[in-house]
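Derivation of every value follows stated rules applied to the coordinates shown; laboratory data play no part. Source: prediction; values computed, not measured. Glycine also receives a Cβ, built like all others from the backbone with ideal geometry; neighbour counts cover every protein chain displayed.
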Amino acid sequence: MPWPLEIRGLKAQYGDKVILEDLDLLVEKGEILTVLGGSGCGKSTLLKHAVGLMEPAAGTVKLLGLDLLQADEGEKKEVLTRTGVLFQGGALLNSLTIAENVALPLEQHTDLPGAVISDVVRMKLSMVGLFDAAGLFPPELSGGMRKRAALARAIALDPEILFCDEPSAGLDPLTAAGIDRLIRDLRDTLAMTVVAVTHEMASVKLIADRVLMLDEGNVLFEGSLAEMRESNNQAVQDYLARKAPAAAGGTGTLLAALHCEEENK
Amino acid sequence: MGEAGPRLSFEWLPDESRPRELVLRGVLDKVSVPAVYKALRTKILRGVSLSIDLENVERVDSAGIAMFADLLRSAKEKGCALKVSRLSKQAGHAFQVFRFKSLSEAVTRIEPPYLERKGQDLIEFLAAAKELLLLCADTFTWALTSPFVRRPYRKGAALEQAVILGSRASGIVALISFIVGLTMALLSATQLRTFGANVYVADMLALAMTRELAPLLTAILVAGRSGSAVAAEVATMKVTEEIDALRTLGLEPVRFLIVPKLYAITFTQPLLTVISAIFGILGGMLIGMLLLNLSPQTFIHQTARALILKDILSGLLKSVVFGWIILVVGAFNGFRVSGGAEGVGRVTTSAVVQAIFGVIVADAIFSLLFWYS
C-alpha cells in the first residue's frame, strides 16, 4: 500500500523567495494531520504542492502513490477523483448553483444515473446542513455556508484523502465544531485520510491525530498534540500560549539611532 | 519661532552653536507634520546638525515617527547629525509602538534601479508571449481532441456559450451595421451622384460589407462585449481559486471553460458577420430609396450582381479567425490576472485593446494574402 501522501525533500519557492525547504512528510492512511503555523509560513503552499497545483523547485510529491507532475492525464484524473480539496474561500463555481457545484464531480467522473447523482448531492448537502440552499448560487450564501457547500463538493466522490485549507476559520464556534465532527466521522467511516491546514487550536484539539508545525519554511514540530504541549521549543510554546514573539530591544531601532538620552535613564 | 497650525509651535534656541537646538510644543501629528518636516528638512539639506527636544510635545503619532525616519535618512546622506534630546512619556511610547523591525528597514529606499526595472519588464513580456503561445496550443489541441474524450466539459456548455457569444450579440451587431451601411451610402452618394452613377452605391456596399466591414465591425463589437466577458470570467475564477478547484476536481480549465467557447464562437462569428453584412446593405438600400431614387428591386438586383462568392467566403473565413483571436486573447488575459478585483479590471481592459489590435493586424495580413491570390 502506498502512503496516501508522501513528500520527500520538498523545496518550494516563488521567484527567489524560498517558502519551504527540504520538507519530508509521510501521512498514514486514516489519520488526521493538521498543519499549523503563522501566516505566510508555507501552509497553503504545502497544500498546493500536495495536490499538484504547484511544481516543486526540488523534491518529490506523491499523492496516493502517484507523482502528479510525471503522470499522464488518465492516471492524474483517476487519482484526483479519489482526492477532495476544500479551498480557503470555498472556490465554488459562481455560475452554477450549489447543487450543480456538488454534482459536478459526479457528473464528470462517474456513470451514475442522474437520479442517483441528485440523491447523492442532496445527501451531501444535508450532511453539511445546507439542504435548503441547493438551488441558490454561491454569491447568495454567507461565507460560512459557502465553505460548508465547498466541503460537500469536496466529499462528493467519497475521497480517500481530503485536503482542507482552514476548514473552520471565520465560522461561528457551533458551525466550526459541526464541520470538525463531520471530518472526524468521515475518517471513522471511510478510513479517509485528512490533511487540514488551520489556525484554530480549538479545531486542532477536536480532530488532530498528529500535528505538523511550520515556521519560515521549516518543520518546527511534528507529533501528537500531547507531545506538542510537552515540547520545550519556545516558538511552539508561544504559539500554544498565543504569545507574541518578544519585541526587539532598543538597539538597532530608530530611537536608538537618534541617540536619545532617554535611553540612558 | 515657527507655527505649524494652532496645534504645534516650534522654537529655535538662540544659541548658534552646532547642533542647532529646537524645542517642539503641542501636537506632532499628520496635520502638523508637513510644516515641521519642511522646516527641518531645509536645515538638514544645508548640512545643519539638529537636536530636537520633544519633552513638551503632548502627542506624537505614526506620521511624526515616520518623519524622523525620513529626516534621519536625509541627515545620513548629508553627513550631519539628527538627535532627539529629550522625550515626553507619550513620545517615548510612540517610538516603541510605531516601529520598524530594524533600523535598516526604517532608512532604506525601496525602488529598483531603472535598468533593472526595464530588464524585468522585458523578461515578463517574453514570459507572457510564451504563455500566449502555450495557451493557443492547448486550446486548439483540446478543441481537436475533445470530441473523442468522454465528458470534456459540462453537457450543453457549447450551446449555452453560443447563445451568450452569438444570439445575444445579434441585435447590437445588426443595429450598428445598419447605421454604418447607411452612413457609407450617404457619404458615397454625394460623389456618385455627380457622375449619375447612383446605382453603384449598391456595388460599393456589397463589396465593402462582405469583404471588409462586416467581419471587422462584428469582430470589434464581439471583442468589446464577449472578449471582455471571457477575460473577466476567467480572471475572477482565478482570483477566487475556482480555476485551482477545477484542476483538483480533475477538470482541465482550458478544456472545461475555453473549448466550449471556441466551438461556439466558430459558429456564431460567421453568422453574426452575415447578419452584419445584410443589415449594412439594408442601411444602404434605405438611403438609395430616400435620396438616390433607387427602387428596392434595382438595389437588390444590383447588389446580387456585385456579390462575388470569393468575397463572401473570404469574409467568413476572416470572421472565424477574428473570433478565435478574440477568444484566445480574452482567455490569455484572464489566466494571467494577478492581484484581486483591481487585477480583474486591468486584464479586462487589456483583453479588449489587444483583441481589437490583433483583429486589425490579422485583417491587414488577410488583405495582403487575398491581394496576391
> Rounded if a/c is under 1.5, else prolate if a/b is larger than b/c, else oblate: which is chain A, with a ≥ b ≥ c the root eigenvalues of its Cα gyration tensor?
Replying inline: prolate
> What pairs from A:17/B:30; A:62/B:130; B:30/B:118; A:48/A:76; B:43/B:76 go past 25 Å between their alpha carbons?
Replying inline: A:17/B:30; A:62/B:130; B:30/B:118
> Assuming R0 = 51 Å, what is the FRET efficiency of residue B:134 and residue B:30, from their Cβ-Cβ distance, to the nearest 0.05?
Replying inline: 0.55
> What pairs in A:29/A:77; A:243/B:101; A:43/A:243; A:147/B:261 have C-alpha atoms more than 22 Å from each other?
Replying inline: A:147/B:261
>> Please report the net charge: other residues with Cβ closer than 12 Å to the Cβ of residue A:198, K and R +1, D and E -1.
In response: -2
> Taking the Cα-to-Cβ direction at residue B:127 and at residue B:357 and moving 7 Å from each Cα, how far apart do the two end points lie in nm?
Replying inline: 1.9
>> Tell me the mean residue ellipticity at 222 nm calculated for chain B from its helices only (DSSP H runs of n ≥ 4, each -39500 (n - 2.57), averaged over every residue, nearest 500).
In response: -22500 deg cm²/dmol
>> Net charge within 9 Å of residue B:244 by Cβ-Cβ distance, Lys/Arg positive one each and Asp/Glu negative one each, not counting residue B:244 itself?
In response: +1
> Which of B:90, B:172, A:254 sits farthest toward the positive end of the charge dipole of the protein assembly as shown, with +1 on the Cβ of Lys and Arg and -1 on the Cβ of Asp and Glu?
Replying inline: B:172
> So how far apart, in nm, are the two label points at residue A:11 and residue B:12 if each is 7 Å from Cα heading toward Cβ?
Replying inline: 5.8
> Any idea what angle helix B:228-239 forms with the longest principal axis of chain B, computed on alpha-carbon atoms, 0 to 90 degrees, nearest 10?
Replying inline: 40
>> Tell me whether the range A:33-161 comes out rounded, prolate or oblate; compute the Cα gyration tensor, take square roots of the eigenvalues as a ≥ b ≥ c, and use a/c under 1.5 as the rounded threshold.
In response: oblate
> In degrees from 0 to 90, rounded to the nearest 10, what is the angle of the helix B:296-306 Cα long axis to the longest principal axis of chain B?
Replying inline: 80
>> On C-alpha positions alone, give me the angle between the axis of helix B:340-372 and the longest principal axis of chain B, in degrees, nearest 10.
In response: 40
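Sorting check: for A:192-201, A:134-143, which peptide has the highest mean count of neighbouring beta carbons within 10 Å, and how do the rest follow?
Most protected by this proxy first, the peptides run A:192-201, A:134-143.
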> Among B:208, B:330, B:355, whose Cα sits farthest toward the positive end of the charge dipole of chain B (+1 at Cβ of Lys/Arg, -1 at Cβ of Asp/Glu, about the Cα centre)?
Replying inline: B:330
> Gain in length, residue B:300 to residue B:93, computed as 0.36 nm per residue apart minus the alpha-carbon separation, to one decimal in nm?
Replying inline: 65.8 nm
> Given R₀ = 30 Å, FRET efficiency for residue A:174-residue A:70 by Cβ-Cβ distance, to 0.05?
Replying inline: 0.10
>> How would chain B be classified by its alpha-carbon gyration tensor: rounded, prolate or oblate, with rounded meaning a/c under 1.5 and the a/b versus b/c comparison settling the rest?
In response: prolate
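Once R0 is set to 45 Å, what does the formula 1/(1 + (r/R0)^6) return for the Cβ-Cβ distance between residue A:256 and residue A:233, expressed as a FRET efficiency to the nearest 0.05?
Computed FRET efficiency for residue A:256 and residue A:233 comes out at 0.90.
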